[in-house]
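The values are calculated or read from the model by the stated rules, or taken from the named source; none is laboratory data. As the structure is a computational prediction, the values presented were derived from the model and not from experiment. Here the Cβ is made from the backbone with ideal geometry for all residues, glycine too, and neighbour counts use every protein chain on show. Note: accessible area is taken over every heavy atom of the protein model, side chains too, but ligands, DNA and RNA are not part of it. Shrake-Rupley method; radii C 1.70, N 1.55, O 1.52, S 1.80 Å.
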Amino acid sequence: MESTNRPSFFESEKGFGTFVLWVLACVGLYFWNIPPHLLLNFQNLWLSFQYSQWTTSQLVQAWENHLLFGVLFLGWLTVFLGTGEKVLDWGFKLPLFRMEKWVWSLALGWAFWGLLAEALAFEKLFYPRLMEISAVLTFAALFLREPKKIFSRLWPFEQKWREMSGVKWPVGLIVLLSLANLRAPEMSWDAMTYQLVLPDFYFLRHGFYPVTGIVPSHYPAFGQMLFSWGLLGGDDSVARSLAFLAHLGTALGLAVFGTRLENPKVGWTAAVLYWVFPYLNIYSTRGYVDLFTNFYATLGLGALIVFVSARGEKNEGTAVPMEESYGLLGVLALGIVWGFKYNAVSFWLAGLLILTLAFPSLKTKNNLRLGMFLGPFFFLGPWALKSWAYTQNPIYPYLSRVFQTFDWTAFDQRASGIKFQVEGLNGLLKIPAVLWGLFFQNYSGAPNEEVSLIPLVFFPLLFLKGRAGGWKIPIMLAISVPFFFWLVTSHQLRLISSVLALASIPLAVGFQKALFHWPKRGKSLNWIFCFLLWIATYYLFQGLIQQPNPFASFLGFKSKAQFLDEILRPKGYVEVAEALNGNLPSDASVLIIGQQNGYYLNRVSAYDFDYTSPVLKKWTEKSASPDQLYRWFKKSGFTYLLYNANSMLGTALRVDSLGVERYPWHPEELKNYEQFFLKYTRKITLPVANGYSLYEIGPREGFSSLPEYLPGTEHYYLKNMAAIMELPKMTDLIGKSIPRGVYAQAYEKVATDVPEIGLPCFQSAFAELQADPKSVSKALEMAKEGFVRNRDQASWLVLQGDAAISRRNYLKAIEYLKEAEALSPEREDVGRNLAVAYYNEHDVKKAAEEAERAAILAPYSEEYKQLALQLRAAASQ
């Protein structure tokens, strides 16, 4: 009779050979889909240093800032851990080993300080000085009470783990790479749009910041409140280091849970598998709250898994029996998640299912069930109250059908329904494609953040035979429930990094089982493991290089301004932000149209972008006159408007992909809108052009100088340009050279198609006159039509002045242009044309004065500078 204890295929030597082939195939496929550009990456690294304009003082300042960052980071970590440790000792008397206590102390400390920040915001006491004093007093209290313990609690490790010593090198290198990325200026879109901006706004206003109609957030949730403590030092790296701590805390939490469920080897293997994930390492150094969410989700679900597994296996000696307090810790962590994200329901539901399966009787473990329902109410409560304060909708925008007070939620819901790759039932049907994307694509919505192939490589090891642990069903629920919700909602991978974390535990168990079943191949398995870690480390390096790379900035060879100038588009944003920070009043509020963040603008600002209903458009719909539109500005407190034509053109090009026109103008709205610009704005000089225009809001005498396009009308022009160039789609314009004649034809076509506004008529007239100075009559006819439409007397006078210059009637040109200058003194073209007219009338002194004035109004224009220099030289002779 044959023995039934023969090893399975996976446990045999053939199984090991098959596994090696699988590894090679996965690595080859990974390199094929995401090629490693080794030489190019190191060349780019070298060039970033070679072309850096560094000085000794810049180097010294950079390292002084690094030292200050280290001091602030350790100080905050001391306060967080010390506070959390007191809460843990007071409310949860549990026998925890050192690392376990460190992880839970961090979690509870963050909960305390996050709630404190929310309380200060509710009471209008959100002052930086008050918050700094509270932190310093806490540090002093911890130091005076236990001076010897003040710094020892920072180190979570009890002893060295000597298995697979080669692991420490890639792990250590990842720490250095992450630190370099952490110290570079913030560059992530979401972070600069609202994650870090919102708490900064609260500091400026010392309370709620009324951002009327701006998606995706009007108020800081729990995670942004945590960021606020890090922003106190004036360096966002301290705030972002909290996300890095959340990533580290998640990894250490896995080491804890793996130890509790199996043994320390499993725990540490799981921690390393999660830690080296390139995608998550990049996000851990950016300003995102999602890693906070997944830190608490991992702790909550992991604690419940340990708790219910210990109950079922305590007689086998494979897991340490847990008191009910350990389960309560897990329930509390899942409740805290609700303060970070409204979609925390997926993690909460997984925890509820785990408890229900473990304790089917309603009479057992009522404390845990009660905590499962009280936690969400307690931590979601402040978020819902703030939502109600702004929108009269407690869970905006997801109850918009019940609460009708916020009239643009339908737009947001429509836009959010089209911006993800796969969603709903379609998402479920495309699971194979999604899994492929998880390993072989940038499944994040942002480039250069490669995911990891390690889970795929180790997947066959799960089929090795082993003891059936009681944790398998709970951990399957903890992974599958959030994954299901992720499939039918959005596909930002960072939203479910807790699933990646918890999946590391069975993978680690599979790896340890492989070492047991293939004892002669242990050294080879460890080499494979380390080889994969080095691949992950390299792809982290490659992802950072392509951001652009932060290393020259980290070492002090490149200043913050130089670094930001490379990454922020359109070009010139840094100069614009610096100019506004230096020149605008401290209480200025700026409505930004086109530029999708106000992060480096140290003034209260609001902005619209692709997936929002534009605020300015909504105000025009509610305004029967330009006066009423101005009153909306006054009511909302906005005193300036910053317009970026280049970004708005980009949005207009994406109308097809957006699935909706963001500016569907009605004729009367458009007419009032143009009149508002003419009579209630004043253009302010900026140091760069590149499509930027800044306007001060307020009644004026005369007429404002309109931007190149009225914001929100760019689609009219691009649609006609594409038609004139016979392009099938507007997006085909990208990268193509557009002849001057195409612009002229587009202006004329828009003037014909949109008779409500006069700007395109003047644009067409100026283009006609510039292209053919002899076409004076046609240009005057078109400009007169523009004047009839919008009564813009300044533009009408300028055009007549230009026409007079074309006819060499310089005295008449001076007469027209001087009158235009009185009506619109901020127009740089008036000064330039006056300079030309005066020069031709042989009044060189006045010509030089007007040229100087034009150069001041347009400091970015080399043409104006050269004209001023030439006339100044002529006047001095």
When you go through 577, 561 one by one, which is the residue that is buried (at least 17 other Cβ atoms within 10 Å of the Cβ), part of a helix (DSSP H, G or I) and small (Gly, Ala, Ser)? 577
Kindly provide the set of residues from segment 702-729 that are assigned to a loop (DSSP other than H, G, I, E, B) and without any contact (Cβ under 8 Å) to a residue 12 or more places away in the chain, ordered by number. 726, 727, 728
Here is a check on your reading of the model: is residue 738 more than 20 Å from residue 703 (Cβ to Cβ), under 40 Å from the mean Cα position of the chain (by Cα) and either of a type in the set (Phe, Trp, Tyr) or in a loop (DSSP other than H, G, I, E, B) (or both)? yes
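Here's the yes/no breakdown for (1) out of contact with any Gly (no Cβ under 9 Å at 6 or more places or on another chain); (2) at pLDDT below 95:
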residue: 729; (1), (2): yes, yes
residue: 760; (1), (2): no, no
residue: 766; (1), (2): yes, yes
residue: 788; (1), (2): no, no
residue: 794; (1), (2): no, no
residue: 797; (1), (2): yes, no
residue: 822; (1), (2): no, no
So which of 494, 521 ends up being among the basic types (Lys, Arg) and within 31 Å of the chain's Cα centre (by Cα)? 494
Considering only helices (runs of 4 or more DSSP H) wholly within segment 593-701, the ones with at least 2 residues that are open to solvent by 10 Å² or more (accessible area, probe 1.4 Å), touching a residue at least 24 places away in the same chain (Cβ under 8 Å) and under 22 Å from residue 859 (Cβ atoms) are 645-653
Here are 784, 818, 865: which of them is at pLDDT below 95 and open to solvent by 40 Å² or more (accessible area, probe 1.4 Å)? 865
Residue under evaluation residue 814, criteria (1) outside any helix (DSSP H, G or I); (2) touching a Leu at 6+ places or on another chain (Cβ under 9 Å), criterion not met: (1)
Restricting attention to segment 173-202, the residues that are open to solvent by 10 Å² or more (accessible area, probe 1.4 Å), under 27 Å from residue 388 (Cβ atoms) and at pLDDT 80 or above number exactly 1
Unique match (being open to solvent by 70 Å² or more (accessible area, probe 1.4 Å) and modelled with pLDDT of 90 or more) among 54, 76, 22: 22
Residue in segment 773-780 that is in contact (Cβ under 8 Å) with a residue 40 or more places away in the chain and farther than 23 Å from residue 667 by Cβ present: no
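Rundown of residues vs (1) under 23 Å from residue 670 (Cα atoms); (2) part of a helix (DSSP H, G or I); (3) open to solvent by less than 10 Å² (accessible area, probe 1.4 Å), yes/no style:
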| site | (1), (2), (3) |
| --- | --- |
| 731 | no, yes, no |
| 749 | yes, yes, no |
| 755 | yes, no, no |
| 794 | yes, yes, yes |
Identify all residues within segment 235-256 that are within 16 Å of the chain's Cα centre (by Cα) and of a type in the set (Asp, Glu); write none if there are none. 236
Of the residues in segment 827-862 that are open to solvent by 50 Å² or more (accessible area, probe 1.4 Å) and among the aromatic types (Phe, Trp, Tyr), the one that is modelled with the highest pLDDT is 839
Restricting to segment 735-770, what's the tally of residues that are without any contact (Cβ under 8 Å) to a residue 24 or more places away in the chain and of a type in the set (D, E, K, R)? 1
Between 63, 54, 76, 104, which is closer than 22 Å to residue 185 by Cβ and more than 27 Å from the chain's Cα centre (by Cα)? 54
All but one of (1) open to solvent by less than 40 Å² (accessible area, probe 1.4 Å); (2) at pLDDT below 90 hold for residue 586; which doesn't? (1)
Those residues of segment 534-558 which are over 17 Å from residue 64 (Cβ atoms) and open to solvent by 20 Å² or more (accessible area, probe 1.4 Å), in sequence order: 534, 538, 541, 546, 547, 548, 551
Give me the residue from segment 216-234 that is within 16 Å of the chain's Cα centre (by Cα) and surrounded by fewer than 21 Cβ atoms within 10 Å (Cβ to Cβ) and, out of that set, modelled with the lowest pLDDT. 216
If you check 42, 49, 16, which single one turns out to be touching a Leu at 6+ places or on another chain (Cβ under 9 Å), open to solvent by 30 Å² or more (accessible area, probe 1.4 Å), in a helix (DSSP H, G or I) and more than 30 Å from residue 133 (Cα to Cα)? 49
So how many residues does segment 479-495 have that are aliphatic (A, V, I, L, M) and at pLDDT below 85? 4
Considering every residue within segment 614-625, establish whether at least one is modelled with pLDDT of 90 or more and touching a Ser or Thr at 6+ places or on another chain (Cβ under 7 Å). no
Where a residue in segment 467-478 is assigned to a helix (DSSP H, G or I) and modelled with pLDDT under 90 and its partner, wherever it lies, is crowded, with 20+ Cβ neighbours inside 10 Å and not polar (S, T, N, Q), with Cβ under 9 Å and at least six apart: 472/506; 473/354
Set 736, 719: member being open to solvent by 50 Å² or more (accessible area, probe 1.4 Å) and over 27 Å from residue 862 (Cβ atoms): 719
